[in-house]
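The values are calculated or read from the model by the stated rules, or taken from the named source; none is laboratory data. Given the structure is predicted, the values throughout are model-derived calculations rather than measurements. Quick reminder, even Gly has a Cβ in these numbers, built from the backbone with ideal geometry, and neighbours come from all protein chains shown. For the accessible areas, the whole protein counts, side chains as well, though only heavy atoms, and no ligand, DNA or RNA atoms are used. Shrake-Rupley method; radii C 1.70, N 1.55, O 1.52, S 1.80 Å.
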Amino acid sequence: MSKRTSDNNRATFLMDGEEFFGTFAACLEEVKRSATEPVEVESLSKGEGKQLADAPAPVPPTTYVRLAYWAMEKGLPLMQDDHHFTMEVALKQLADAGVHVEIILWDPDAVSANAGGNDNFAKKVARGNKEVHTALHGYKGKILVYLESHPKPGVGYGLHQKMSIFSIRGKLKALVGGFNMEAEYWDTGYHWGRHPLHGHNHTLHDTAVLVEGPATCDIEEEWLRRWKRQVSLNFFGPKPPHGVRAEFRGLVASQPTGGGHRISVLTTGVSTLSTEHSIRDEIKTLIQGATTYLYAENYQFFDPDIVREVCRKLKAWKPFEVCVVIPDPGCDPTHANTQLSRIAYARMLLASFKEKEGVKGKLDEALQSIKLQGSTPPVPNDPGMYHKVVKKKSGKWMEEASLQVAPRPVEGVKVQTKTVQVALETIESLDLAEGVTPRVQFYCPVRFPGHSDNYDESTKIYVHSKLMLIDSRHVIVGSANFGYRSMEYDGEMSLHIQSDEFAVSVKQKLFPHYNVSSPKEVPAALRDASHGEADRVKLIARSPGQLGITSADVKGYMTDKMKSASVAMNYEWY
């Protein structure tokens, strides 16, 4: 589905599992209540006005719940204080009340489900989604579950959208975000390091948005596009149940228009006939028009087109700054996400010191030298040298990228100095002149214990959120990671909410959660707060070298952990 934009929407920012699953359960309850409460009817006795009917009215076909998720567990508890109120129980209660429930879940192909051996997420997802299908599909003729495979064959291709649509007589609410319907996504904003339901070691930070208004119809349109991919072999008989249900949808005229937010519904999608990359295209356009900063949080930040656009902006506009929050490397078992993010980090750092009006390839004098890992001597910023990021033409996009330092050619002068090639993943940090602040900074969120402000003793917080803030005016939130596969071929949905008011509401909830209390704007406020503090969640600034992961770690994982894989992993999976 191509980009669709509407005005007069209302959006509510949701953060972490306690709030998200609480909102989801409240929306289910609202739909159920509409189906079970008696309605007012005109009294047959003269002069008595309206009175409550003896029984609820029949549930109209325009009252329903529609879900589309990458992964779902039927036993997912929806309430922290009632572990018996699970996803299966809640949806069956709706069906018992006469409400239709339609669910789309990803069905990994057989090759993808086995390509990663026992550690492969796809195998776990396939098992959980099929259990949901077995438990719910056809229940009382009200619940339908569609296991949807990716329309294009290819190892690792996934359908990653996460959306919930709640309709009461055609009036819609929609949830869009990064959460899967699994117990793993339960956590509180305090991130104590223990799962709030099961008690084991666990942290997970995620975000979503609840939408009301015309944009809900655009969200539902994408859901219906996927639902209609189901094929019926009964060409001459009555319509199958899924075909009948596809005829019902919310209408724009039925939606409230009291909000002041402009929302664009964006997707990544690959089919046999076309491709859609409106998420990546929108982000690139916003970066091009940015004036102050980009803030992003995700476990990936390395899509080549997005990184390239950020580098262009850093070179062209010196006031522009970048803040990225990613998990500590200890949260990344495959190592590849951290390695590629580290390379992107080094690349953006170098771009931020390219002279705007200077000679091509020259770095600003504020950068004194480039420190490398191990005992390798630093590379000095010699004004007589030409600096250029290059990559091998091996079909991989950046994991082998390097900084080429070569003598600046001078006409009539024979070059004496040899070219130096430095792999980006070996850059530890930049040695800057006194008083110079880097314009690109990566952070890792952690919770320090009550007795220590030592980073090594902190609880590392896994960042699953797919959130981007630009200039305190634009917010991107949804299912799409900021890596290659989410921007290129996985099925994704993200929203662009263009509203100063909404951006402020995001900052007012998000940054106190990280114990950022500075009144300054985002980049400076994060720098002020970036230090250890006992018994607090904090954002800790990290250099490329402190992320630590290199290609050797990734190859080690692929060699040691993937022995049972039927297909070798590669970087295009990230």
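In the set (1) without any contact (Cβ under 8 Å) to a residue 24 or more places away in the chain; (2) under 19 Å from the mean Cα position of the chain (by Cα), GLY158 fails one condition alone, (1). If only residues of region 167-200 that are charged (D, E, K, R) and at negative phi are counted, the one that is surrounded by the fewest Cβ atoms within 10 Å (Cβ to Cβ) is ARG194.
Within region 203-211, is even one residue more than 16 Å from the chain's Cα centre (by Cα) and not β-branched (Val, Ile, Thr)? No: zero hits. Within region 1-45, being under 22 Å from the mean Cα position of the chain (by Cα), part of a helix (DSSP H, G or I) and either modelled with pLDDT under 95 or over 22 Å from LYS92 (Cβ atoms) (or both) holds for ASP16, GLY17, GLU18, GLU19. Any residue that is touching a residue at least 24 places away in the same chain (Cβ under 8 Å), in a helix (DSSP H, G or I) and open to solvent by 40 Å² or more (accessible area, probe 1.4 Å) - is there at least one of those in region 215-229? Within region 215-229, one or more residues are touching a residue at least 24 places away in the same chain (Cβ under 8 Å), in a helix (DSSP H, G or I) and open to solvent by 40 Å² or more (accessible area, probe 1.4 Å). With respect to (1) at pLDDT 85 or above; (2) open to solvent by less than 30 Å² (accessible area, probe 1.4 Å), the lone exception for GLU321 is condition (2). So, in region 87-101, exactly how many residues are crowded, with 17+ Cβ neighbours inside 10 Å, outside any strand (DSSP E or B) and β-branched (Val, Ile, Thr)? Qualifying residue count for the region: 1.
It is to be established whether one or more residues within region 485-503 are over 12 Å from the mean Cα position of the chain (by Cα) and of a type in the set (S, T, N, Q). Checking region 485-503: at least one residue is over 12 Å from the mean Cα position of the chain (by Cα) and of a type in the set (S, T, N, Q). Residues in region 479-495 that are surrounded by fewer than 24 Cβ atoms within 10 Å (Cβ to Cβ) and closer than 16 Å to PRO108 by Cα: 2 in all.
Filter region 460-491 down to the residues that are farther than 24 Å from GLN508 by Cα, out of contact with any Leu (no Cβ under 7 Å at 6 or more places or on another chain) and either outside the structural domain of ASP303 (by the TED database) or not in a loop (DSSP other than H, G, I, E, B) (or both) and list them by number. Matches in region 460-491: TYR484, ARG485, SER486, MET487, GLU488. Return the residue satisfying two criteria in turn: it lies in region 377-398 and is closer than 18 Å to LEU367 by Cα and assigned to a loop (DSSP other than H, G, I, E, B), and of such residues it is modelled with the lowest pLDDT. Going through the qualifying residues, I end up with GLY384. Condition check for ARG447 on (1) over 27 Å from LEU159 (Cβ atoms); (2) surrounded by 24 or more Cβ atoms within 10 Å (Cβ to Cβ): one failure, at (2).
The residues of region 201-214 that are within 24 Å of THR267 (Cα to Cα), open to solvent by less than 10 Å² (accessible area, probe 1.4 Å) and in a loop (DSSP other than H, G, I, E, B), listed by number, are ASP206, GLY213. Annotation for region 421-437: no member residue is touching a residue at least 60 places away in the same chain (Cβ under 8 Å), within 12 Å of GLU297 (Cα to Cα) and buried (at least 23 other Cβ atoms within 10 Å of the Cβ).
Say we look at region 246-299 and pick out the residues that are hydrophobic (A, V, I, L, M, F, W, C) and open to solvent by 10 Å² or more (accessible area, probe 1.4 Å); which of these is modelled with the highest pLDDT? Out of the qualifying residues, it is LEU286. Among the residues of region 242-251, is any assigned to a loop (DSSP other than H, G, I, E, B) and of a type in the set (Val, Ile, Thr)? No, because not a single residue in region 242-251 is assigned to a loop (DSSP other than H, G, I, E, B) and of a type in the set (Val, Ile, Thr). Only a single item in (1) at pLDDT 95 or above; (2) closer than 16 Å to LEU67 by Cβ; (3) out of contact with any strand residue (DSSP E or B) (no Cβ under 6 Å at 6 or more places or on another chain) is not met by ALA95, and it is number (3).
If you go through region 399-411 and pick out every residue that is surrounded by 15 or more Cβ atoms within 10 Å (Cβ to Cβ) and either modelled with pLDDT under 70 or over 23 Å from SER369 (Cβ atoms) (or both), you end up with 2.
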